1. Output the peptides 6-13, 232-239 sorted from most to least packed, where packing is the average of other Cβ atoms within 10 Å over each peptide's residues.
2. How far, in degrees from 0 to 90, does helix 138-151 lean away from the longest principal axis of the Cα atoms of the chain, to the nearest 10?
3. With everything on Cα atoms, drop me the angle between helix 171-180 and the longest principal axis of the chain, reported from 0 to 90° to the nearest 10.
4. Taking just the alpha-carbon atoms of the range 12-325, what radius of gyration and Dmax come out, in angstrom?
5. Which Cys residues of the chain have no other Cys beta carbon under 4.7 Å away?
6. Among bridges DSSP assigns within the range 1-130, what percent are antiparallel (round to 5)?
7. I want the antiparallel fraction of DSSP beta bridges within the chain, as a percent rounded to 5.
8. Could you work out the relative contact order of the chain, using alpha carbon pairs under 8 angstrom and six or more residues apart, expressed as a whole percent?
Amino acid sequence: MLIDAHDRRITYLRLSLTDRCNLRCQYCMPAEGLNWIPHEAVLQDDEIVTLLETVFLPLGLQKLRLTGGEPLLRKGLPDLVSRIAALPGMTDLALTTNGIYLAGLAERLRAAGLQRINVSLDSLKPERFAEITRGGDIEKVRQGIARAVAAGLDPVKVNMVVIPGTNDDEILDFAEWTLSEKVHVRFIEMMHVGDRNFFEERKYVPVEALITTIRERHGLDVGTQPVTGNGPARIFQIPGALGTIGFISPMSHTFCDTCNRIRLTADGQIKACLMRPEEQDLLGLLRRGASPEEMQQLVRNSLGSKPEHHDWGAGLPIHRTMSQIGG
């Protein structure tokens, strides 16, 4: 069992498969992209399975989310998912994607053992979506979401990062989507773990303002529909809706007291807290032939940099953006 200094049980790993992405979302990265991790420095499939089987699962981590960058860029992903899903003790296997390639992979991923999926979608307007993502095709994403629902991935969540002055006029459109389809929309406050200059220009919209907007139009009930893996989201539902609405507030209302996660970057670095610069080189230890016990101890040691509460204003250096760490 993995318990940090603040008595939080760590059961959830967010594992990045790549730092590369086929989109260039305005708040996430510059138009020219970033300095990508060299291919030889990225975790290989066998290394991922070994670390899960001999390090993380024995430590009591039962839940895994595959992230990026864009994880659907990973070659042979369904085969990797199948290997992970077969590991004893893996109780929850999810993935976050921008959805561009999802339509062609949804059925194979579900058959391989993927249980649920989150799709990032920041506008329902084609031209605006293309502008935010610098070239993305919203129809491909909508098709991917439909195929994911049809394939039996459940729940299918839609993550909408609210960008002040850009898409904050679409709050009701996203909320009303849940009336007729079984999608679970999650509104997320924009963070500064991306393009820092973009964030400083725009700041963020507190979720309380979003809740007020939807409640004034439709009313909101506290969500009673079970939604697997809702994590830090506060869940509501428009009366009679098929789907749910969640609000994630990393800026205005932190949820550190219930944090049960650690991250493993695409180049095998353990990060115990998204907002702390400290990393522990787990992949390096593996490639040097370390024993499972040595690697497990490194993971335990990494929790020393997991604070009770993060401090956005502490001036700590952020050496990697969200896409480089793993969303």
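1. Top to bottom by mean Cβ count within 10 Å: 232-239, 6-13.
2. Computed tilt is about 70 degrees.
3. 90 degrees
4. Spelled out, the Cα radius of gyration and Dmax of the range 12-325 are 18.9, 60 Å.
5. Taking the Cβ cut-off of 4.7 Å, the unpaired cysteines of the chain are C21, C256, C259, C273.
6. In the range 1-130, approximately 5 percent of DSSP beta bridges are antiparallel ones.
7. Approximately 25 percent, going by the DSSP bridge assignments.
8. 21 percent
Each reported figure results from applying straightforward, stated rules to the coordinates on display, with no laboratory input. In this text the structure is predicted, and so the values were computed from the model without any measurement. Here Cβ is always computed from backbone atoms with ideal geometry, including for glycine, and neighbour counts include all displayed protein chains.
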